[in-house]
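The values are calculated or read from the model by the stated rules, or taken from the named source; none is laboratory data. Quick caveat: nothing in here was measured; it's all calculated off a predicted structure. Cβ atoms come from the backbone with ideal geometry, glycine included; neighbour counts cover every protein chain shown. For the accessible areas, the whole protein counts, side chains as well, though only heavy atoms, and no ligand, DNA or RNA atoms are used. Shrake-Rupley method; radii C 1.70, N 1.55, O 1.52, S 1.80 Å.
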Amino acid sequence: MCKISINSKKMSIDLEDKGIVSKKSLILKPPNIDEKFYFPYILGYFDGDGSITKTFHFGIEGTRETLEWMNKVLGLSCKLEKRYNDEKNNYYIRANKQQDVYNILTKLYNSCEYHLERKYLIYKQLEQVVLNRNVK
């Protein structure tokens, strides 16, 4: 983990104008972007606020609105679960079946050539497991 502290009022205002605000994980709404950018957007979001384990479990956290939008865009029916027992708008969705995780990640990684390498390598391992299982 790395922390950078910049104390510039002008930069703070400029970032807010671009939608980068403090505690965005509690207030973020789905993006207002062209549909062709949905999957690359979700992949970038997953790289920042998602997880894939070496046992091939997929998870992503965010606001109710954002996760409901992602469920719809990805064609999922993942149940939204609260992350904490408080009133904050902080939820997560997860998929635990290898084939489901593979289908989700294949859509995302096929949409964009830029990604976090660490998570992509786990996806490639999952791909080998799924392809080997389907060959037999």
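For this structure, a couple of remarks:
Table: residues versus (1) free of Cβ contacts under 8 Å to residues at least 40 places away in the same chain; (2) farther than 29 Å from VAL130 by Cα; (3) in contact with a Pro (Cβ under 6 Å, 6 or more places away or on another chain).
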site: SER12; (1), (2), (3): yes, yes, no
site: ILE27; (1), (2), (3): no, yes, no
site: TRP69; (1), (2), (3): yes, no, yes
site: LYS72; (1), (2), (3): yes, no, no
site: LYS88; (1), (2), (3): no, yes, no
site: GLN99; (1), (2), (3): yes, no, no
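- Tabulated pairs, segment 32-46, first over 12 Å from TRP69 (Cα atoms), second open to solvent by 50 Å² or more (accessible area, probe 1.4 Å) and assigned to a helix (DSSP H, G or I), C-beta under 8 angstrom, 6+ apart or interchain: ILE33/TYR41
- Residues in segment 50-89 that are out of contact with any Gly (no Cβ under 6 Å at 6 or more places or on another chain) and of a type in the set (Gly, Ala, Ser): GLY50, GLY59, GLY62, GLY75, SER77.
- Candidates in segment 27-41 are the residues that are open to solvent by 50 Å² or more (accessible area, probe 1.4 Å) and outside any loop (DSSP other than H, G, I, E, B); of these, the one that is nearest to TYR91 (Cα to Cα) is ILE27.
- ASP14 vs. criteria closer than 20 Å to GLU113 by Cα and of a type in the set (D, E, K, R): no
- The residues listed here are GLY75, GLY50, GLY19; of these, the one that is among the small types (Gly, Ala, Ser) and buried (at least 18 other Cβ atoms within 10 Å of the Cβ) is GLY50.
- In segment 121-134, the residues that are surrounded by 14 or more Cβ atoms within 10 Å (Cβ to Cβ) reach residues that are of a type in the set (D, E, K, R) with C-beta atoms within less than 9 angstrom, at least six apart or across chains, in these pairs: ILE122/LYS54.
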